[in-house]
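Asks: Have a look at the structure that comes next, please.
The values are calculated or read from the model by the stated rules, or taken from the named source; none is laboratory data. Here the structure is a predicted model, which means the values were calculated and not measured. Cβ atoms come from the backbone with ideal geometry, glycine included; neighbour counts cover every protein chain shown. The protein model used for the area step is the full one, side chains on, heavy atoms only, and it has no ligands, DNA or RNA in it. Shrake-Rupley method; radii C 1.70, N 1.55, O 1.52, S 1.80 Å.
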Amino acid sequence: MKPPVRVAVTGAAGQIGYSLLFRIASGAMLGSDQPVILQLLEITPALKALNGVVMELNDCAFPLLAGVVTSDDPKVAFKDADYALLVGALPRKAGMERSDLLNANGGIFKPQGEALSEVASRNVKVLVVGNPANTNAFIALSNAPKLKPTQFHAMVRLDHNRAISQLAEKTGKPVTAIKKMTIWGNHSVTQFPDLYHAEVDGKNAYDLVNDHTWYENVYLPTVAKRGAAIIEARGLSSAASAANAAIDHMRSWALGTPEGDWTSMAFVSDGSYGVPEGLVYGFPVTVKNGQVEIVKGLEINAFSRAKMDATAKELDEERQAVKQLGLV
Ligand code: NAX
């Protein structure tokens, strides 16, 4: 058996945490030969509920769970962490302006970035799930001078999985037939799910569907607004599917992507595909030995260009806003 790795999770007593922790402890994220120590962060009032979750974790008697730490102090929860999943955030409430939302989340992700920079493993892989995920990741990485910006990702994998599922339904094929899906840009309604490079059983997905009206007016909004549809149906935001996507993202980052396929991850742009440098933007990526590479050389048509620029513009506006608020 390998030595245990340390996995920090914030917002651990929340909805997503309740699905996520059990899957990490079962080996779904890092493999069935990788013991884990969970290091769980919550705000002080939620520590009691968190203790209940820890009781349930213990009651599972997971063979891979080598220890659990709970704290309301990021410097304790992030100490020597090899992986950090930043789930706890302040969602937008009715009547909240965007600047209020960014300010509230700045209060969470600035100190968490600083703490990660000080105490986490030098090779820590950080995934931001809490919304607005891309900009929260930007705030965290901007406050972590001792870590590389590329150590911080934002999650677009739920959008990626939704895009695969919707395409599978349209084409009548299993999800396993679908490869090379991409979510470009922000985890928001401006995201761009790209069918021009996706494949279904090796055939080009856009050509196979052969219906631009459906693509533009049905598929894109269905994928982008799926979160709202879940809230409408369930009365609560996506939790199990979000936790599943976080597991998928970290698994791809730690263990790699399969030959002949890629996935979508959001992280600091190096200027690829004309995306302004420094924006935390979703790209198609392959991963080998923990090294994330943007898939190069994809042809971008005028329709895609406009969509990719619109989501970049939104992220740039959020970047300007957090700069003005003094959060970065
Ligand atoms: P919950 O409100 O159920 O749980 C959030 C938890 O975070 C709470 O227990 C709260 O006490 C804790 N928390 C708040 N501030 C904290 C801090 N400073 N340190 C540690 N913990 C803190 O929300 P949940 O449904 O679990 O969703 C969590 C976040 O994920 C939200 O921001 C949500 O918008 C976001 N989502 C992101 C998705 C994505 O694809 N990137 C999809 C699902 C989800 O909507």
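Asks: Please work out the average accessible area per residue across the chain, using the 1.4 Å probe convention, and give it in Å².
Replies: On the way: 14120 Å² over 328 residues.
Per residue, the chain has 43 Å² of solvent-accessible surface.
Asks: What's the local net charge at P4, with K and R +1, D and E -1, over the other residues with C-beta under 13 Å away? Write out the running numbers ahead of the final one.
Replies: Details: positive: K2, R6; negative: D33, D80, D82.
Net local charge, P4 excluded: -1.
Asks: Separate question: Please give the helix 157-171 orientation as an angle from the longest Cα principal axis of the chain, in degrees from 0 to 90, rounded to the nearest 10.
Replies: 40
Asks: Separate question: Working out 0.36 nm times the residue gap between V218 and K146, then minus their Cα-Cα distance, what length gain in nm do you get to one decimal?
Replies: Values: separation 72, 0.36 × 72 = 25.92 nm, distance 4.42 nm.
Stretched fully, the V218-K146 segment lengthens by 21.5 nm.
Asks: As an exercise, use a Förster radius of 45 Å and the Cβ-Cβ distance of A61 and K288 to find the FRET efficiency, rounded to the nearest 0.05. Mind showing how you got there, number by number?
Replies: Values: r = 35 Å, r/R0 = 0.77.
Here the calculated transfer efficiency is 0.85.
Asks: Considering the Cα positions of segment 108-246, please state its Rg to one decimal place and its Dmax as a whole number of Å.
Replies: Looking at segment 108-246, its Cα Rg and Dmax stand at 17.2, 52 Å.
Asks: Along the charge dipole of the chain, Cβ charges K/R +1 and D/E -1, which of T311, T135, P174 sits furthest on the positive end?
Replies: About the Cα centre, the residue reaching furthest to the positive side is T135.
Asks: What is the spin-label model distance, in nm, from K93 to D309 if the labels are put 7 Å beyond Cα along the C-beta direction?
Replies: 3.9
Asks: Can you find, among L38, A25, G11, the residue sitting farthest towards the positive end of the charge dipole of segment 11-91, where Lys and Arg contribute +1 and Asp and Glu -1 at Cβ?
Replies: Positive-end residue among those listed: G11.
Asks: Can you tell me the orientation of helix 98-119 relative to the chain, as the angle in degrees between its alpha-carbon axis and the longest Cα principal axis, to the nearest 10?
Replies: 60
Asks: Just subtract the alpha-carbon distance of L236 and L325 from 0.36 nm times their residue separation and send over the number in nm, one decimal. Working shown, then result.
Replies: Details: separation 89, 0.36 × 89 = 32.04 nm, distance 3.02 nm.
Computed gain between L236 and L325 is 29.0 nm.
Asks: For segment 42-163, what is Rg from Cα atoms divided by 2.2 N^0.38 Å, rounded to two decimals? Could the numbers behind the result be given before it?
Replies: Values: Rg = 15.4 Å, N = 122, 2.2 N^0.38 = 13.7 Å.
In units of the globular-protein estimate, segment 42-163 measures up at 1.13.
Asks: Which Cα, out of G326, S272, A243, lies furthest along the positive dipole direction of segment 218-328 (beta carbon charges, K/R +1, D/E -1)?
Replies: Checked the options; the winner is A243.
Asks: Using the scaling law 2.2 N^0.38 Å as the reference, what is the normalised Cα Rg of the chain?
Replies: Details: Rg = 19.1 Å, N = 328, 2.2 N^0.38 = 19.9 Å.
Compared with the compact-globule rule of thumb, the chain sits at 0.96.
Asks: Translational D (Stokes-Einstein, µm²/s) of segment 217-305 at 4 °C and 1.567 mPa s when Rh comes from the Kirkwood sum over C-alpha pairs? Present the calculation step by step, with values, prior to reporting the outcome.
Replies: On the way: Rh = 15.2 Å.
Value of D from the Cα-based Kirkwood radius: 85 µm²/s.
Asks: Could you give the size of the charge dipole of segment 74-193 about its Cα centre, using +1 on the Cβ of each K and R and -1 on the Cβ of each D and E, expressed in debye and rounded to the nearest 20?
Replies: I would put it at about 340 debye.
Asks: Pairing the Cα long axis of helix 15-26 with the longest principal axis of the chain, what angle in degrees results, from 0 to 90 and rounded to the nearest 10?
Replies: Computed tilt is about 80 degrees.
Asks: Using 0.36 nm times the number of residues separating T44 and N204, minus their current alpha carbon distance, what extension gain do you get? Kindly include the intermediate steps, with their values, before the conclusion.
Replies: Working: separation 160, 0.36 × 160 = 57.60 nm, distance 5.09 nm.
Length gained between T44 and N204: 52.5 nm.
Asks: Can you pull the Rg over Rh of segment 217-256, Cα-only, Kirkwood? Don't skip to the end; give the middle numbers.
Replies: Working: Rg = 12.9 Å, Rh = 11.5 Å.
Reported Rg/Rh, Kirkwood definition of Rh: 1.12.
Asks: I'd like the carbon and sulfur percentage of the solvent accessible area for the chain, probe radius 1.4 Å, heavy atoms only, ligands and nucleic acids excluded. It would help to have the intermediate numbers written out before the result.
Replies: Details: 7350 of 14120 Å².
Carbon plus sulfur share of accessible area: 52 percent.
Asks: What's the percent breakdown of Cα-Cα distances in segment 264-311 across 5 Å bins, shortest bin first?
Replies: Reading upward from the zero bin: 5, 20, 29, 28, 12, 4, 2.
Asks: Taking only Cα atoms of segment 26-81, what ratio of Rg to Rh do you get with Rh as the Kirkwood inverse-distance radius?
Replies: Numbers: Rg = 11.9 Å, Rh = 12.0 Å.
Taking Rg over the Kirkwood Rh, I get 0.99.
Asks: Largest first, what is the accessible-area ranking of I183, I231, I43 with a 1.4 Å probe? Write down the numbers at each step before the final one.
Replies: On the way: I183 0, I231 85, I43 115 Å².
From most exposed to least exposed: I43, I231, I183.
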